[in-house]
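Peer 1: Quick one: the structure is below, and I'll ask about it shortly.
Each value in this text was obtained by applying a stated rule to the coordinates, not by laboratory testing. Being a predicted model, the structure only gives us computed values, none of them experimental. Neighbour counts are summed over all protein chains in view; Cβ atoms, including those assigned to glycine, are modelled from backbone coordinates with ideal geometry.
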Amino acid sequence: MKLKPYFEPYIKTGDAIYEIFGDDCEVVIHDLENLHEAVVYLRGNVTGRKLGAPVTDFILKEMKKAPDQIQDINGMITTAQNGKKIKTSIVFIRDENENIVGVFGINFDLTTAIQWQASLDQLLKTKDGDANVQEQYGNTIDEVFENIIDQTFREMDIHPPIRSKEQRQQLVRLLDQKGVFLIKNSTDRVAEILNVSKQTIYNDLDHK
C-alpha cells in the first residue's frame, strides 16, 4: 500500500517507537480520506486491529470540531473492547493548508505494568506502624552496640557527659527497650560512657 507523502515522517517515527517498546506497544496511522478503511500503517497488536480497519469513534467525535479546536492528545487512558487498559497519545496530521488529513496514534498496553504495580504494592505493603521502622546492620556486635548508643543520643538530642539524673535514667530505659543490655559486657560499657558506676546502671534499670 503506497502512503501519501505527508505520512512518511510518521512512518519512520512509528517504526522507531515500536522497536523501542516492542509488543506492548502499537503504532497506527489513520488516513482520514477513507474513514471506512482508515488504518494504513500498523505496528503491533494492542487493539487487535488490522490494516484497513476503520477510524475510531473517538476520532470521529474529534472530527466534528472546528479544525482549530482539534488538539493533539497525550497520555489518555482508554479501555479496549477486550478489556485492556491502554495509554494513548494522538497526533493529528495536517497538510500544508492546515487541514487534518490523518491521525498518528501510539497505544501502550498497560496490562503488564498494572500487574507489576499490583505485585510491587503487595511487596511494599507493611503492617500498621511498621512503615518507619529503622534497622541498623552492623558487621560486628560492637558496631551494633555503638550504632544503638549513637542513635539513642541523637533521639534524645543529648551527648555525654550527662549530668542530669533524669536524663541518664531515661537514656538507660531507652537502651534497655532497644535490647542493648542483652549484649555481653554492655552494662560496663554504658557505665563507662556515662562516667558512672556499674551499680548506678543497675539502679537505673531497677528504677524503670
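Peer 1: Match the structure shown to one of the listed values (i) 23.1; (ii) 18.8; (iii) 16.8 of Kirkwood radius over Cα pairs in Å, computed from it, and give that label.
Peer 2: (i)
Peer 1: Which FRET efficiency value, to the nearest 0.05, do you get for Asn195 and Asn139 by plugging their Cβ-Cβ distance into 1/(1 + (r/R0)^6) with R0 = 35 Å?
Peer 2: That pair, Asn195 with Asn139, gives E of 0.80.
Peer 1: A further question on this structure: In deg cm²/dmol and to the nearest 500, what is the mean residue ellipticity at 222 nm of the chain if only DSSP H runs of at least 4 residues count, each as -39500 (n - 2.57), divided by the residue total?
Peer 2: Theoretical 222 nm ellipticity from helices: -12500 deg cm²/dmol.
Peer 1: Among the GluC sites (Glu not before Pro) within the range 2-104, which fall in a DSSP loop and have no more than 15 other Cβ atoms within 10 Å of their own Cβ?
Peer 2: Sparse-neighbourhood loop GluC sites (Glu not before Pro): Glu33, Glu96, Glu98.
Peer 1: Quick one: Cα centre-to-centre distance for the range 173-208 and the range 51-103, in angstrom?
Peer 2: Measuring centre to centre over Cα atoms gives 72 Å.
Peer 1: Would you look at the GNM of the chain, springs on alpha carbons closer than 10 Å, and say which of Gly44, Gly105, Gly179 moves the most?
Peer 2: Looking only at Gly44, Gly105, Gly179, the biggest GNM fluctuation is shown by Gly179.
Peer 1: When the chain is fully extended, how far beyond the present Cα-Cα distance does Gln71 get from Ile100, taking 0.36 nm per residue of separation?
Peer 2: Going from the current span to full extension adds 9.4 nm.
Peer 1: Divide, for the range 5-117, the radius of gyration over alpha carbons by 2.2 N^0.38 Å, where N is the residue count.
Peer 2: 1.04
Peer 1: Right, another one. Nearest 10 degrees, 0 to 90: what angle lies between the long axis of helix 111-124 and the longest principal axis of the chain (Cα atoms)?
Peer 2: 10 degrees
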